[in-house]
Amino acid sequence: MAEKRVVHIVDDEETIRKAVAFTLRTAGFIIETYASGPEFLKIAGEAEIGCVILDMHMPDMDGLEVQAVLTQRNIDMPIVVLTGNGDVALAVQAMKAGAVDFLAKPIERAILLTAVDRAFARIDRAESRALEEAEARMQIDLLTPRERDVLEGLAQGHPNKTIAYDLGISSRTVEVHRASLMAKLGAHTLSETLRIAFSAGMGKRS
């Protein structure tokens with residue numbers, strides 16, 4: 001692992017920047033903060049390689065726009081996105097575009113540190129992606145066909161109601177399948193569930 005572990009925090013809310021910076025600094029990370037997407041993008045090409053914590057909802061450029069510019073410029077830094085409302089569709093878009101995780105505000109310390117560690121694991125072990133994919137496929141194999149259908153709906157960014165309509169079942173039944181599949185996958189959050197689904201190649205249907 002690289003000795004210097006730099007985290008770039010991009011968020012227009014000063015209180016969030018300070019809180020996240022304090023949490024990570026006390027955990028031993030080197031912190032750089034930016035009040036907007038454009039401010040970060042000005043220096044991103046020359047910035048120390050590290051993890052980017054990127055807010056989804058910012059006035060000048062939203063997180064998805066910043067993420068797209070980084071991709072266009074071939075700046076390959078793992079991204080953890082922050083959202084204030086747990087918006088599923090945004091989370092799906094960000095993770096499809098390569099984000100490591102998404103976290104809903106307010107952010108729990110342990111969840112934040114786990115996400116950042118996962119981001120640095122991607123830097124430290126690029127070859128781990130193939131292993132992640134194989135493990136994810138093995139986990140998906142544990143699901144029933146109907147549970148896979150529900151998981152595919154989630155990976156498409158659909159709410160329970162839409163999944164229920166598409167599958168011809170009730171929303172309550174979707175909830176039961178969703179709880180069951182998450183238990184089988186060992187996933188405690190939607191972001192964990194989506195990460196496994198995307199690693200296994202789900203969510204690619206148009």
(Q) Here is a list: ALA197, ALA187, ALA164. Which entry is more than 14 Å from ILE140 (Cβ to Cβ), out of contact with any Phe, Trp or Tyr (no Cβ under 9 Å at 6 or more places or on another chain) and small (Gly, Ala, Ser)? (A) ALA164
(Q) Residue pairs, Cβ under 7 Å, 6 or more apart or interchain, first in the stretch 142-171 and farther than 22 Å from LEU90 by Cβ and assigned to a helix (DSSP H, G or I), second of a type in the set (Ser, Thr, Tyr) and open to solvent by less than 50 Å² (accessible area, probe 1.4 Å). List them. (A) GLU147/SER180
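To keep it simple, each residue is scored yes or no on (1) of a type in the set (Lys, Arg); (2) farther than 20 Å from ILE75 by Cα.
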site: VAL6; (1), (2): no, no
site: ILE9; (1), (2): no, no
site: ASP12; (1), (2): no, yes
site: LYS18; (1), (2): yes, yes
site: ALA21; (1), (2): no, yes
site: LEU41; (1), (2): no, no
site: ILE49; (1), (2): no, no
Q: Give me a count of the residues in the stretch 126-141 that are part of a loop (DSSP other than H, G, I, E, B) and either open to solvent by less than 80 Å² (accessible area, probe 1.4 Å) or in contact (Cβ under 8 Å) with a residue 24 or more places away in the chain (or both).
A: 1
Q. Does any residue of the stretch 178-194 turn out to be open to solvent by 50 Å² or more (accessible area, probe 1.4 Å), of a type in the set (A, V, I, L, M) and at pLDDT 95 or above?
A. yes
(Q) Go through (1) more than 21 Å from ILE111 (Cα to Cα); (2) out of contact with any Pro (no Cβ under 6 Å at 6 or more places or on another chain) for ASP60 and report which single condition fails. (A) (2)
Q: Six or more apart or on different chains, Cβ under 8 Å: which pairs go from a residue in the stretch 101-124 that's within 15 Å of VAL20 (Cα to Cα) to one that's part of a helix (DSSP H, G or I) and open to solvent by 70 Å² or more (accessible area, probe 1.4 Å)? Could you list them?
A: LEU103/ILE111
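To keep it simple, each residue is scored yes or no on (1) hydroxyl-bearing (Ser, Thr, Tyr); (2) touching a strand residue (DSSP E or B) at 6+ places or on another chain (Cβ under 6 Å); (3) under 15 Å from LEU64 (Cα atoms); (4) modelled with pLDDT under 95.
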position	(1), (2), (3), (4)
GLY86	no, yes, yes, yes
GLN93	no, no, yes, yes
ALA97	no, no, yes, yes
PHE102	no, yes, yes, yes
ASP117	no, no, no, yes
ALA121	no, no, no, yes
ASP124	no, no, no, yes
GLU132	no, no, no, yes
LEU151	no, no, no, no
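Residue-by-condition table, conditions (1) over 18 Å from the mean Cα position of the chain (by Cα); (2) open to solvent by less than 80 Å² (accessible area, probe 1.4 Å); (3) basic (Lys, Arg):
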residue: THR71; (1), (2), (3): no, no, no
residue: ALA91; (1), (2), (3): no, yes, no
residue: ALA94; (1), (2), (3): no, yes, no
residue: ALA97; (1), (2), (3): no, yes, no
residue: VAL100; (1), (2), (3): no, yes, no
residue: THR114; (1), (2), (3): no, yes, no
residue: LYS161; (1), (2), (3): yes, no, yes
Q) In the stretch 47-56, is there at least one residue being without any contact (Cβ under 8 Å) to a residue 24 or more places away in the chain and open to solvent by less than 60 Å² (accessible area, probe 1.4 Å)? A) no
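Each row is one residue, and each column tells you yes or no for (1) of a type in the set (Gly, Ala, Ser); (2) open to solvent by 20 Å² or more (accessible area, probe 1.4 Å); (3) more than 21 Å from MET95 (Cβ to Cβ).
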residue	(1), (2), (3)
GLU14	no, yes, yes
ALA21	yes, no, yes
THR26	no, yes, yes
GLU32	no, yes, yes
PHE40	no, no, no
ILE43	no, yes, yes
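Looking at the stretch 63-111, which of its residues are β-branched (Val, Ile, Thr) and in contact with a Gly (Cβ under 9 Å, 6 or more places away or on another chain)? So that I can check it myself, show each step before the final result.
Narrowing the stretch 63-111 to residues β-branched (Val, Ile, Thr): 66, 69, 71, 75, 79-81, 83, 88, 92, 100, 107, 111.
Hits for the stretch 63-111 are VAL66, VAL69, THR71, ILE75, ILE79, VAL81, THR83, VAL88, VAL92.
The values are calculated or read from the model by the stated rules, or taken from the named source; none is laboratory data. Fair warning: this is a prediction, and the values are worked out from it, not measured in the lab. In this analysis, Cβ positions are derived from the backbone assuming ideal geometry, glycine residues included, and neighbour counts consider all displayed protein chains. These accessible areas exclude ligands, DNA and RNA; they are computed on the full protein's heavy atoms, side chains included. Shrake-Rupley method; radii C 1.70, N 1.55, O 1.52, S 1.80 Å.
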